[in-house]
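All remarks here apply to the structure that follows.
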Amino acid sequence: MPRPTTKKGLLEAIEVEHKALEGLLAGLSPSQMTQPGVVGEWSVKDVLAHLLEWQLMVLRWHAAGVQGKIPVTPAEGFNWAQLPELNQQIYEKHCNRSLADIQKEFKSSHKKILSTVQGLSDEDLFTRGRYAWTKNNTLGTYFVSSTSSHYLWARTNIKKGLKAGKSK
């Protein structure tokens with residue numbers, strides 16, 4: 001699927017990839033969802049927590065940008081070259097939470113992403129420089145990265161990890 005360049009395309013990509021991810025997850029038992037070592041040391045639940053946290057981050061960045069503020073991206077104390085360390089911190093933040101809580105919050109953050117994107121125009125999403133904090137990127141780029149392309153990454157890696165686990 002090509003990278004979206006319109007609001008309609010972004011919403012379609014989010015829907016397609018979210019549906020595919022949910023389809024994969026629907027076939028997993030709670031023990032499969034919480035078994036460590038599916039994606040690196042992470043369980044499927046940990047991958048969902050990772051997706052959840054990145055959705056919440058992009059929502060915070062957007063909210064700050066709307067207020068004319070420049071949010072710290074990707075997160076306080078981290079730069080873009082430190083994503084492995086940031087992702088480890090995200091893992092540690094959520095690893096002891098219950099599967100039910102992660103699933104509920106992921107569903108809620110996904111709905112918030114959809115309503116936020118639906119409330120934006122093509123210009124808001126895909127005009128470079130529309131928000132000072134996005135620098136040379138568009139807001140849409142951040143939403144794509146935190147949704148459809150992240151869902152595809154998760155689905156691909158979960159499938160690979162589950163397949164590798166069955167062959168052990």
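The values are calculated or read from the model by the stated rules, or taken from the named source; none is laboratory data. Owing to the predicted nature of the structure, the values given are computational and were not obtained by experimental measurement. Methodologically, a virtual Cβ is constructed for each residue, glycine included, from the backbone with ideal geometry; neighbour enumeration extends over all protein chains shown. Heavy atoms of the whole protein, side chains included, go into the accessibility calculation; ligands, DNA and RNA do not. Shrake-Rupley method; radii C 1.70, N 1.55, O 1.52, S 1.80 Å.
Surface analysis of the stretch 1-151 yields an accessible area of 51 Å² per residue, using protein heavy atoms and a 1.4 Å probe. Comparing Ser121, Ser145, Ser109 in a Gaussian network model of the chain where C-alpha atoms under 10 Å apart are linked, the largest mean-square fluctuation is found at Ser121.
Compactness of the stretch 42-96, taken as the C-alpha radius of gyration over 2.2 N^0.38 Å, stands at 1.20. Based on the Kirkwood approach, the hydrodynamic radius assigned to the stretch 82-168 is 15.5 Å, with every pair of different Cα atoms included. Using a cut-off of 29 Å between Cα atoms, the listed pairs Lys112/Lys135; Lys19/Lys135; Lys135/Lys163; Lys69/Lys93; Lys19/Lys69; Lys45/Lys112 include Lys19/Lys135; Lys135/Lys163; Lys19/Lys69 as exceeding that distance.
Considering every alpha-carbon pair of the stretch 34-149, the percent of pairs per 5 Å bin, from zero through the bin containing the longest distance, is 2, 11, 20, 23, 19, 13, 8, 4, 1. With the gyration tensor restricted to C-alpha atoms of the stretch 119-165, the semi-axes of the equivalent ellipsoid amount to 32, 10, 6 Å, longest first. Using a Gaussian network model of the chain in which every pair of alpha carbons under 10 angstrom is joined by a spring, one finds that among Gly77, Gly37, Gly23 the greatest mean-square fluctuation is at Gly77.
In loop segments of the stretch 60-168 as defined by DSSP, the GluC sites (Glu not before Pro) with at most 15 further C-beta atoms inside 10 Å of their C-beta are Glu76.
When only C-alpha pairs under 8 Å and at least 6 residues apart count, what is the relative contact order of the chain, in percent?
Numbers: 165 pairs, mean separation 60.8, N = 168.
About 36 percent, as a whole number.
Mean residue ellipticity, 222 nm, helices only, the chain: the sum of -39500 (n - 2.57) across DSSP H runs of n ≥ 4, divided by residue count and rounded to 500, is -21500 deg cm²/dmol. Running Debye on the stretch 89-137 with equal point scatterers at the Cα sites and no solvent, what base-10 log of I(q)/I(0) appears at q = 0.26, 0.29 Å⁻¹? Here the Debye-derived log intensity ratios amount to -0.90, -1.00.
In plain terms, the chain from Ile70 to Asp101 could stretch by 8.1 nm, reckoned as 0.36 nm per residue minus the Cα-Cα distance.
Let me check something: with ligands and nucleic acids excluded, how do Thr138, Thr156, Thr73 order by accessible area (1.4 Å probe), largest to smallest? Intermediate values should be presented prior to the final figure.
Numbers: Thr138 10, Thr156 65, Thr73 30 Å².
Ranking Thr138, Thr156, Thr73 by accessible area, largest first, yields Thr156, Thr73, Thr138.
The separation of the stretch 64-113 from the stretch 17-56, counted between C-alpha centres, amounts to 15 Å. The accessible area of Asp101, taken with all protein chains in place and a 1.4 Å probe, comes to roughly 80 Å².
Please check: in the Gaussian network model of the chain (C-alpha springs, under 10 Å), which one of Leu48, Leu83, Leu11 has the largest mean-square fluctuation. Ranking Leu48, Leu83, Leu11 by mean-square fluctuation puts Leu83 first. Ligands, DNA and RNA left out, the 1.4 Å accessible surface of the stretch 1-159 is 53% carbon and sulfur atoms.
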